[in-house]
Amino acid sequence: MIELYVDGASAGNPGKSGIGIFIKGEGHQVKISEPIGPTNNHTAEFQALLRGLEEVAKLTKGIVSARSDSQIVVMAVEKEFVKNELHKEYLAQILEITKTFEFFFIKWIPDAENRAADALAREAIHKNLH
């Protein structure tokens, strides 16, 4: 099983933003910290999950457990529905990738359990600032 931890962060609404991705399991440990274009926190969270799933898809087609501290993202994936037009395209891409795994589930976790991804997302914002 691969565990995927994702987080998005924004310095402003919208503002300079970044995504953090931490992947572990099946002999893998991957850390990704990437600046993204100026956006808001919710959009950054969707982008983080999408990017994380793209990376996990390179590693396995087996069991994937995604974790996010964004209730909006987790609920959108669980219900396969989101109201925001901008997020609909991200959700469609996310669901497309999740269907390629043998088993996929996503779970909301509190911020305290998502420190690795959070630190990577914040680091990415600072890459944007320089």
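The values are calculated or read from the model by the stated rules, or taken from the named source; none is laboratory data. Keep in mind it's a predicted model, so treat the numbers as computed, not measured. Neighbour counts are summed over all protein chains in view; Cβ atoms, including those assigned to glycine, are modelled from backbone coordinates with ideal geometry.
Taking the condition surrounded by fewer than 19 Cβ atoms within 10 Å (Cβ to Cβ) and among the hydroxyl-bearing types (Ser, Thr, Tyr), does residue 65 pass?
Details: surrounded by fewer than 19 Cβ atoms within 10 Å (Cβ to Cβ): yes; among the hydroxyl-bearing types (Ser, Thr, Tyr): yes.
So residue 65 passes the test.
Among the candidates 57, 124, single out the residue that is over 13 Å from the mean Cα position of the chain (by Cα), farther than 12 Å from residue 5 by Cβ and buried (at least 21 other Cβ atoms within 10 Å of the Cβ). Working first, answer last.
Numbers: 57 fails: buried (at least 21 other Cβ atoms within 10 Å of the Cβ).
Answer to the selection: 124.
With the structure loaded, tell me whether residue 113 is acidic (Asp, Glu) and more than 16 Å from residue 22 (Cβ to Cβ) or whether it fails that test. If you could, list the steps in order and put the result at the bottom.
Working: acidic (Asp, Glu): yes; more than 16 Å from residue 22 (Cβ to Cβ): no.
No, not satisfied.
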(message) Can you go through 95, 86 and tell me which one is free of Cβ contacts under 8 Å to residues at least 24 places away in the same chain and of a type in the set (A, V, I, L, M, F, W, C)?
(response) 95
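Assigned to a helix (DSSP H, G or I) and within 12 Å of the chain's Cα centre (by Cα): does that describe residue 91? Spell out how you get there, then give the answer.
Details: assigned to a helix (DSSP H, G or I): yes; within 12 Å of the chain's Cα centre (by Cα): yes.
Yes; evaluated as a whole, the condition is true for this residue.
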(request) Search the stretch 53-68 for residues that are over 16 Å from residue 120 (Cα atoms) and in contact (Cβ under 8 Å) with a residue 60 or more places away in the chain and pair each with any residue that is in a loop (DSSP other than H, G, I, E, B) and β-branched (Val, Ile, Thr) when their beta-carbon atoms are under 9 Å apart and the residues are at least 6 apart or on different chains. (result) none
(message) Out of everything in the stretch 25-48 that is of a type in the set (Asp, Glu) and over 14 Å from residue 90 (Cβ atoms), what residue ends up being farthest from the chain's Cα centre (by Cα)?
(response) 26
(request) Could you please let me know if residue 34 is modelled with pLDDT of 95 or more, surrounded by fewer than 16 Cβ atoms within 10 Å (Cβ to Cβ) and under 15 Å from residue 6 (Cα atoms)? (result) no
